[in-house]
1. What size of dipole, in debye to the nearest 20, comes out for the stretch 85-163 about its Cα centre when the only charges are +1 on Lys and Arg C-beta atoms and -1 on Asp and Glu C-beta atoms?
2. List every residue whose amide H lies under 5 Å from the amide H of L64, counting only residues 5 or more places away in sequence or on a different chain, with H placed 1.01 Å from N in the peptide plane.
3. Out of E192, E43, E158, any idea which swings most in a Gaussian network model of the chain, alpha carbons joined below 10 Å?
4. Under the Karplus relation 6.51 cos²θ - 1.76 cosθ + 1.60, θ = phi - 60°, what is the ordered set of whole-Hz ³J(HN,Hα) values for the stretch 73-79, x standing for Gly and Pro?
5. In whole Hz, with x marking every Gly and Pro, tabulate ³J(HN,Hα) for the stretch 194-206 from phi via Karplus 6.51 cos²θ - 1.76 cosθ + 1.60, θ = phi - 60°.
6. Near the amide H of E43, under 5 Å away, which other amide H atoms are found, from residues 5 or more places off or on another chain, if H is placed in the peptide plane?
7. Non-local amide H neighbours of S94 (under 5 Å, H modeled in plane, Pro and chain starts lacking H): which ones?
8. Per DSSP H run of at least 4 residues, take -39500 (n - 2.57); add these up for the chain, divide by its residues and hand me the 222 nm value, nearest 500 deg cm²/dmol.
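What follows is calculated from the coordinates using simple rules that are stated; it is not laboratory data. Quantities reported herein were computed from a predicted structural model and do not represent experimental measurements. Neighbour counts run over all protein chains shown; Cβ positions are idealised from the backbone, glycine included.
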Amino acid sequence: MKPMFHYPEFRLSGHALSCLRAERLVFASLDVAVASGDVVFLEGQNGSGKSSLLRLLAGLLAPLSGALTWQGPGERIDHVRYVGHAEAINPALSCRENLTFWGDVWGAAPAAISDALDALGLTAVADLPARFLSSGQRRRLALVRLLVAPAPLWLLDEPTVGLDRFGQTAITAAIDDHCRRGGGVVLATHVELSLSAKCRRVRLDDFQPAGNDLLVAGGGEGW
């Protein structure tokens, strides 16, 4: 039997993080950490900064203040897979062609693409142009990228949106398998996932800055 692949140990820590979006201080003085084998659930009302924190951890935003520390192999940016609200799918390409593009970027083996499609139930539509997919199938295709090439840290923004029961079960199994291999996950979701991995929760409402109503209004879903 082929031995299970394991990620090298890592830890990403954020200390005293503050985030400014559209002249609004979204959160302040926030500490968060994720390490090998962890699942961190981000909770909070709309506009509390869940999406902003995920983008910050992914390196797509810079914190207004505070520091991020990566302890692990190489640079953080090379060891992160981020799935946000936008699915980053070319509608003219088939599912397989979309994944082949990302596989080429990440140096994935062709066999990994077929295995990933099968894991999230997309084999039957693998050669169908993505414009013909349902919203749930498009979400599965976005999530399949997580399985194409190994990366220890997954950052997931509402990964279960549009998924049916099969899709929710499949992504739950994928997260558990990822953590068994020493990976870690930070996710925001309104759906309770029955995970066997070690889980922690960070409630962003606890880091809302005092006097925030004096700043320019902004926010809502996607912050």
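1. With only Lys, Arg, Asp and Glu charged at Cβ, the dipole is about 140 debye.
2. S18, C19, L20
3. Of E192, E43, E158, the most mobile in the Gaussian network model is E192.
4. Result, rounded to whole Hz: x, x, 8, 3, 4, 7, 10.
5. 8, 9, 8, 5, 5, 10, 10, 10, 10, 9, 6, 4, 6
6. V202, R203, L204
7. A130
8. Details: 5 runs with 61 residues, N = 223.
Mean residue ellipticity at 222 nm (helix-derived): -8500 deg cm²/dmol.
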